[in-house]
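Presented below is the structure to which this report refers.
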Amino acid sequence: MTQQPMLTIKNKSEILYLRQDNILFIQADGNYCDIHLADGGVINTLTYQRAEIARMMDEQLPDDCRKRFVLVGRSYMVNTDYVLRIQPSKQLLTFRVNQLGTTQKITIKATAKALDTLIVEMEKLSETAGSM
C-alpha cells in the first residue's frame, strides 16, 4: 500500500497530521481556517490564514498533490479530486465524498467569478492528466 502524503500543521497546543487525500476543502475567515475532511470531520478554527496553510502545503506536499488544491475566491481552497459539479450561474460548488460506505454530496456557495476560475483550473488538470 502506498503511503499518502501528509500535511503537518503545528500550533501552540497541538500538531495535526492530515493525509492530503482526506482534505476536502479549507474555508478561511480572516485569521482563522476550518479544514473540512472527506471522512466527514471538520477541524475548526485553526489560527492560520489560508495563505499560511497554502505555504505549508507548498513546502510539505509533492507538486502533483499540491496542484490538486485550487483557490476559489478568497475563502476557499478546494481539493479538485472531490469536485462533482460546478454551477457558476447558481454560485454553487458540489463535492462527492464517500462517508461510511455511502456517497454524500456537500455543497458550498462561491461567486460565479471564483467558480469560473475553478473551471479553468479543472480543465488544465484534465489536460495534464490526459497527456500522461
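The values are calculated or read from the model by the stated rules, or taken from the named source; none is laboratory data. The structure displayed is predicted, hence computed values, not measured ones. With ideal geometry, Cβ positions are generated from the backbone for all residues, glycine too; neighbour counts draw on all protein chains shown. Accessible surface areas use protein heavy atoms only, side chains included; no ligands, DNA or RNA. Shrake-Rupley method; radii C 1.70, N 1.55, O 1.52, S 1.80 Å.
In plain terms, the chain from THR103 to LEU84 could stretch by 5.7 nm, reckoned as 0.36 nm per residue minus the Cα-Cα distance. Charge tally around ILE43: other residues with Cβ under 12 Å, Lys/Arg +1 each, Asp/Glu -1 each, net -3.
Give me the 1.4 Å probe accessible area per residue for the chain, excluding ligands and nucleic acids, in Å².
The answer is 62 Å² per residue.
Neighbours of ARG66, meaning other residues whose beta-carbon lies under 10 angstrom from its beta-carbon, give a summed charge of -2 when Lys and Arg score +1 and Asp and Glu score -1.
As a fraction of the 1.4 Å probe accessible area of region 62-129, surface on carbon and sulfur atoms comes out at 49 percent.
Relative contact order for region 1-82: what is it in percent, counting Cα pairs under 8 Å that are at least 6 residues apart? Spell out each step's value before the answer.
On the way: 134 pairs, mean separation 22.2, N = 82.
That works out to 27 percent.
Given in Å, the Rg to one decimal and the Dmax to the nearest whole number for the Cα atoms of the chain are 14.6, 44.
Filter the trypsin sites (Lys or Arg not before Pro) in region 1-41 to those in DSSP coil with at most 14 other Cβ atoms within 10 Å of their Cβ, and list the result. Here the sparse-neighbourhood loop sites are LYS12.
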